[in-house]
Structure formats: structure tokens, C-alpha cells
1. Provide the packing ranking of 58-65, 141-148, i.e. peptides ordered by the mean count of other C-beta atoms within 10 Å per residue, highest first.
2. Tell me, what is the FRET efficiency for residue 157 and residue 211 to the nearest 0.05, using R0 = 35 angstrom and their Cβ-Cβ distance as r?
3. At a Förster distance of 25 Å, what's the computed FRET efficiency of residue 21 paired with residue 95, Cβ-Cβ distance as r, to 0.05?
4. Could you list the residues of the range 83-102 with an amide nitrogen less than 20 Å from a label point located 7 Å from the Cα of residue 55 in the Cα-to-C-beta direction?
5. Work out how much length residue 149 to residue 179 would gain on full extension: take 0.36 nm times their residue separation and subtract the Cα-Cα distance, in nm to one decimal.
6. If contacts are Cα pairs under 8 angstrom and at least 6 residues apart, what is the relative contact order of the range 111-208 in percent?
7. Could you order the peptides 117-123, 81-87 from most to least packed, using the average number of other C-beta atoms within 10 Å per residue?
8. Kindly write out, for the range 139-152 in residue order, the coupling ³J(HN,Hα) from the Karplus curve 6.51 cos²θ - 1.76 cosθ + 1.60 (θ = phi - 60°), rounded to whole Hz, with x marking Gly and Pro.
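What follows is calculated from the coordinates using simple rules that are stated; it is not laboratory data. Not measured: the values here are computed from a predicted model. Here the Cβ is made from the backbone with ideal geometry for all residues, glycine too, and neighbour counts use every protein chain on show.
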Amino acid sequence: MFRGLLVVLSVPGGVELSVNNHAADFTLSTSSGTPISLSCLVQNSSQAEELLWYRGDGKVDLKDGNKVNISNICISPAAATDNGVTFTCKLMRDQSVKVSVILDVLCEWLLWISVWNETVQAEEEKDVTLTCNAKSNPQGQAAWYKNNTILTLQQDRYQVYQTSEVFQLSIKKVQKSDNGTYTCEVKSSLGSGRKDFHLIVEDKKPVFPTEAVIAAVVVVALTVLFGIVARRDKIFKVRIDPVSKEKK
């Protein structure tokens with residue numbers, strides 16, 4: 001009689017995880033500077049289960065006493081760089097069993113600039129772009145001012161560009177009348193930030209016709225060269241004549 005070995009693979013049927021009492025993925029809103037505690041708990045299991053934590057795709061290092069059946073991690077304090085980051089708790093023996101939490105970190109204005117005032121010099125008829133780098137959650141809206149008065153955006157002269165972190169004002173073919181102080185003011189429900197640009201429009205520099213200059217240089221060079229060749233032939237002839245007379 002043939003006797004075989006029956007191997008039964010244990011699968012975590014019915015085992016579930018919860019993070020902060022949530023059994024499904026969720027979003028956690030908090031303010032920047034506030035500590036966040038995440039607690040992952042194994043449910044419906046009759047044996048010890050090891051847990052894993054991930055920040056995005058990177059594995060979080062856990063101490064030995066913080067891995068079995070319950071595991072806690074702390075983000076202290078929550079920062080703007082944590083906004084949108086996903087933390088995931090997984091069952092080690094079946095990583096398809098998991099719960100994820102996305103952080104929604106409300107942060108006050110961060111103006112990523114080295115100075116609050118910037119001087120911009122530009123030549124007449126040149127295009128100018130003023131850039132204000134900023135980030136906030138919730139995202140803010142920008143307004144542009146000239147000399148403390150709201151700027152009227154003429155389509156043929158001004159162009160505004162905005163992303164979640166960049167606010168730009170482009171001015172086409174600047175004139176002396178564009179001289180002044182331009183202000184980028186960005187506001188959100190949590191705060192505001194501003195940056196001043198002192199635009200100085202300089203006289204247009206004269207443009208030298210490059211082709212004409214090159215042509216003049218070539219003409220002068222050829223004239224000098226022909227002069228040297230003609231002079232050389234004359235000198236050479238003078239030096240040869242006395243020898244020719246002696247032979248006669």
C-alpha cells in the first residue's frame with residue numbers, strides 16, 4: 001500500500017488587522033508639529049503573529065518587543081514632508097493582509113525662498129519672469145501686486161503660471177513703465193506669505209551687426225595680405241635684377 005505524506009499549509013484565514021481601530025485603509029488628518037501615534041492590532045488569530053510596518057516602500061525598523069500581535073509607531077512631530085505619505089501595517093506571513101493610513105498634514109505657509117526681497121534687473125524689450133516658491137496644505141492661491149496695488153493682468157503682456165509649489169508672473173518685452181515693486185502674496189486658510197521683487201528696467205543695449213563686423217575684418221585682412229604679397233614681389237624683383245646684369 002502506498003503511503004504519502006500529507007502536508008497542510010496553515011493560512012491566516014479570518015485573520016484581520018486594524019490600525020487605530022480602522023479595519024480598512026483610511027486618511028488621518030493632523031496639523032504640522034503634532035505627534036502621531038499609529039497602533040496596529042491583530043484580530044481573529046489564535047497564535048502569535050508578527051507584524052511589519054512600511055513608510056511608503058521603505059520598511060520601518062521595529063524593536064523585538066514591538067512586533068508580535070500589536071505594534072506601535074510614532075511620528076513626532078508630523079512635518080510638511082509627511083503630508084501624503086502612506087504608512088502600512090502588514091501581516092508578516094501573508095502580506096496581502098494589511099491596512100494603510102495616508103497622512104494629511106495641515107501645515108502653515110512655508111515660503112521656500114532665501115530672501116524676502118529680490119532685485120531683478122532687465123533690459124528693455126526683454127522678457128522677465130518673477131518666481132515665488134511656496135507650499136502649503138491646503139494649497140493656497142496667489143495674487144500679484146505692483147506698488148501695493150492689485151496688478152491688472154493684460155493678456156498680451158502678462159502671463160501667470162501656478163503649480164502646487166510654484167507661482168510665476170511673466171512680463172513680455174518690459175518697458176521703463178514696468179519699473180516698480182511687484183509682490184507675490186499667497187494665502188491659504190492657515191496663513192499667508194509674500195515676497196517682493198524690485199524690477200529695474202535698463203536701457204536697451206546697442207546691437208552690433210555681427211555679419212557686417214566679420215565682413216569688414218575679412219576685407220581688411222585680405223587687403224593687408226594682398227599688400228604684403230605685392231610688396232614681397234617688388235622686393236624680390238629688385239634683389240634679382242643686379243644678378244641678372246652681371247650675367248650679361
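1. Working: 58-65: 9.5, 141-148: 14.5.
Descending packing order for the listed peptides: 141-148, 58-65.
2. Working: r = 32 Å, r/R0 = 0.91.
With R0 = 35 Å, the Cβ-Cβ based efficiency is 0.65.
3. Values: r = 22 Å, r/R0 = 0.86.
Efficiency, rounded to the nearest 0.05: 0.70.
4. Answer for the range 83-102: 83-91, 99-102.
5. On the way: separation 30, 0.36 × 30 = 10.80 nm, distance 1.38 nm.
Fully extending the segment from residue 149 to residue 179 adds 9.4 nm.
6. Working: 201 pairs, mean separation 39.1, N = 98.
Relative contact order of the range 111-208: 40 percent.
7. On the way: 117-123: 13.1, 81-87: 16.0.
Highest mean packing first, the order is 81-87, 117-123.
8. Rounded to whole hertz, the list is 5, x, 10, 9, 10, 10, 10, 10, 6, 6, 10, 3, 7, 7.
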